[in-house]
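Contents: one structure, followed by commentary.
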Amino acid sequence: MTSTFLVDYPLRLLPGPIVVGATFVLIGRSSPLLRIVLLVTGFMLVRDAMTPLGLWAIGPAPHGLLWLRLSPDPVVLLGMGTVGVAASLAVAYGPRDLRGLVVWGRLGPRSLLAALGGAAVLLVPVTAVL
């Protein structure tokens, strides 16, 4: 599994970030919304390239609950964690013009309900399919 993460995954992934990064730079500061869409698209490319390589799997547990299993290989887990932290920092401290579009607030009942609603929107269709 380590060789899959260290060799196959970056090779399979490479064209996506090159295209997304080049487009991000070419757009410049003219369209913040389009740049955000590109960042989300880049995340989806990274995530979706993991599935066919077996770096994660999703499915039903015996009691009908869903599970998400990552690779048990410690090198893969450490790599995923490191890349995740680095990507989060790059977005948080990256383009200054996009930082102002992120509104940080307090954790209250309204934000908790919004988070639970978002989770339900994502999980209900998945559980209905499985």
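The values are calculated or read from the model by the stated rules, or taken from the named source; none is laboratory data. Model, not experiment: these values are computed from the prediction. For neighbour counting, all protein chains shown are included, and Cβ atoms are generated from backbone atoms with ideal geometry for every residue, glycine included. Note: areas computed on protein heavy atoms with side chains; ligands, DNA, RNA excluded. Shrake-Rupley method; radii C 1.70, N 1.55, O 1.52, S 1.80 Å.
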The answer for the net charge of residues other than Val76 whose Cβ lies under 13 angstrom from its Cβ, with Lys and Arg +1 and Asp and Glu -1, is -1
Test item: Cα-centred dipole of segment 48-130, Lys/Arg +1 and Asp/Glu -1 on Cβ, debye: 340
Label segment 1-81 by shape, choosing from rounded, prolate and oblate, from the square roots a ≥ b ≥ c of the eigenvalues of the Cα gyration tensor; if a/c is under 1.5 it is rounded, and otherwise prolate applies when a/b is larger than b/c, oblate when it is not. oblate
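What FRET efficiency comes out for Val124 versus Asp8 if R0 is 25 angstrom and r is the Cβ-Cβ distance? Round to the nearest 0.05.
Calculated transfer efficiency: 0.15.
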Could you put Ile27, Ile36 in order of accessible surface area, largest first, with the 1.4 Å probe and the full protein assembly present? Ile36, Ile27
So Leu65 and Ser88, fully extended at 0.36 nm per residue minus their Cα-Cα distance, gain in nm 5.4 nm
Just name one of Ser111, Ala57, Leu70: the one whose Cα is farthest towards the positive end of the charge dipole of the chain (beta-carbon charges, Lys/Arg +1, Asp/Glu -1). Ser111
Just Leu66, Leu89, Leu113 to compare: in a GNM of the chain, with alpha carbon springs under 10 Å, which one fluctuates most? Leu113
Ignoring ligands, DNA and RNA, what percent of the 1.4 Å accessible area of segment 27-88 is carbon and sulfur? 76
Restricting to DSSP loop positions (anything but H, G, I, E, B) with no more than 13 other Cβ atoms inside 10 Å of their own Cβ, which trypsin sites (Lys or Arg not before Pro) remain in segment 1-103? Arg29
